[in-house]
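I have placed the structure first, in the form of structure tokens, so that the comments after it can refer back to it.
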Amino acid sequence: MALVGCGSALPSLSLSNDQLSHRVETNDAWIRSRTGIAARRVAGPGETLTSLATDAGRAALAHAGWQPQDLDLILLATSSPDDLFGTAPRIQAALGANQAVAFDLTAACSGFLFALITAGHYLRCGTMRRVLVIGADQLSRWIDWDDRSTCVLFGDGAAAVALEACPGAEDGLLGFRMHSDGRRAECLTLQQGQERHPLVEGHTAQRGGFQPIQMNGQEVYKFAVREVPAVLEALLKDTGTATSQIDWLLLHQANQRILDAVGTRLGIPADRVLSNLAAYGNTSAATIPLMLDEAVRDGRIAPGHLIATSGFGAGLSWGAALLRWRGPGGSGA
Ligand code: ACO
């Protein structure tokens with residue numbers, strides 16, 4: 001598969017740490033020093049997961065120079081869908097991608113990476129020619145805004161990548177690894193409540209409704225700084241790649257301290273570790289394509305560049321991929 005276009009969309013409201021400190025007992029200095037986050041975007045009226053993801057998808061199509069009807073598949077990575085039956089078909093309709101099949105994939109902050117790898121397989125086996133992978137989350141609706149240990153971390157956003165089939169020698173997915181460990185699921189949850197309502201004599205039925213995000217921050221932190229370097233080192237070994245060959249380390253944007261720790265462990269200089277979480281916080285499935293889009297558009301990522309990426313988060317889930325960016329119109333170096 002080749003990575004040929006990207007695009008993103010963000011809510012208009014940027015909520016600074018100072019603004020948040022009026023709502024919950026926190027302060028800018030604590031949030032910046034512990035996380036690197038200065039602000040996050042929060043979806044307002046009229047900004048839905050569907051609208052943000054659609055705008056991101058449209059931008060990626062324009063960047064790739066494609067028409068909506070060129071698409072065979074739209075894969076939406078999200079943990080905060082507008083419709084639990086599937087939000088991707090709504091995006092398909094809004095884009096006018098009438099030929100595409102569209103479905104959701106959920107793997108929290110690993111969702112975009114897992115969706116990208118999934119799409120790569122459809123493209124490689126020849127059943128699909130053009131795919132849009134969208135990472136989008138609106139976690140603001142599942143945050144307890146009175147819980148300072150979680151509400152400072154997350155933001156809303158959407159971003160997309162356009163992928164197309166290509167000859168094997170030009171394949172931009174050079175290697176990947178994926179992992180899950182449900183035994184540690186309780187570290188980070190967004191799960192159903194226990195409320196029940198009477199059904200018939202002697203029976204009750206569960207009432208749907210999710211509880212706010214709950215997180216054991218220290219356990220998640222330890223998990224990330226242990227598993228992410230390990231999976232990246234294994235991937236580099238698999239692919240016979242030296243760290244000096246990597247142009248960019250593109251990690252899920254959860255916490256600047258995690259980015260710094262992984263970069264140091266791998267011996268990758270800080271100026272090659274991409275970071276934009278100061279402005280957006282953790283947008284879950286959107287962080288990796290959001291960062292990719294920003295770095296492609298400002299010229300840091302250029303055609304032919306080698307990108308080591310890693311997603312990690314709830315599940316627990318984590319993985320890594322080695323990617324070569326091609327960009328629109330032509331093959332990479
Ligand atoms: N403002 C001020 N003080 C705070 C805040 C806040 N927002 N949050 C917590 N504190 C306080 C605590 O109450 C505690 O006070 P105490 O010592 O009086 O009890 C103190 O700060 C230290 O709290 P810790 O939880 O020990 O802080 P820590 O240094 O571990 O930092 C953090 C917390 C930033 C959450 C860190 O653990 C972390 O980054 N973990 C990883 C989280 C993460 O990345 N999650 C997303 C994963 S990706 C996904 O799938 C969604």
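Of ALA107, ALA185, ALA224, the residue with the greatest mean-square motion in the GNM of the chain, using alpha carbon springs below 10 Å, is ALA185.
Quick one: with all protein chains in place, what share of the accessible area of the chain is carbon or sulfur, to the nearest percent (1.4 Å probe)? Present the calculation step by step, with values, prior to reporting the outcome.
Numbers: 6960 of 13870 Å².
After summing per-atom areas, the C and S share lands at 50 percent.
Taking a ≥ b ≥ c as the square roots of the Cα gyration tensor eigenvalues, with a/c under 1.5 meaning rounded and otherwise prolate when a/b beats b/c, else oblate, which class fits the chain? Numbers along the way, then the final one.
Values: a/c = 1.55, a/b = 1.20, b/c = 1.29.
It comes out oblate by the Cα gyration axes.
Accessible area per residue for region 2-164 in Å², computed with a 1.4 Å probe and the full protein assembly in place, what is it?
Working: 6220 Å² over 163 residues.
Value returned for region 2-164: 38 Å² of accessible area per residue.
Solvent-accessible surface of region 235-333, taken per residue with a 1.4 Å probe and all protein chains present: 33 Å².
When the chain is treated as a GNM with alpha-carbon contacts under 10 Å, the residue of LEU266, LEU75, LEU199 showing the greatest mean-square fluctuation is LEU199.
For region 12-53, applying the loop criterion from DSSP together with a ceiling of 12 other beta carbons within 10 Å to the trypsin sites (Lys or Arg not before Pro) yields ARG23. Around the Cα centre of region 25-147, unit charges on the Cβ atoms of Lys, Arg, Asp and Glu (plus for the first two, minus for the last two) sum to a dipole of about 540 debye.
Note on SER244: accessible area is roughly 90 Å² with a 1.4 Å probe, heavy atoms of protein only. Comparing ARG90, ARG129, ARG183 in a Gaussian network model of the chain (Cα springs below 10 Å), the most mobile by mean-square fluctuation is ARG183.
Please figure out what share of the DSSP beta bridges in the chain is antiparallel and state it in percent, rounded to the nearest 5.
Numbers: 42 of 59 bridges.
Beta bridges within the chain, antiparallel portion: roughly 70 percent.
Beta bridges from DSSP with both residues in region 2-164: antiparallel share about 65 percent, rounded to the nearest 5.
The values are calculated or read from the model by the stated rules, or taken from the named source; none is laboratory data. In this text, all values refer to a predicted model and were calculated from it rather than measured experimentally. Quick reminder, even Gly has a Cβ in these numbers, built from the backbone with ideal geometry, and neighbours come from all protein chains shown. Note: accessible area is taken over every heavy atom of the protein model, side chains too, but ligands, DNA and RNA are not part of it. Shrake-Rupley method; radii C 1.70, N 1.55, O 1.52, S 1.80 Å.
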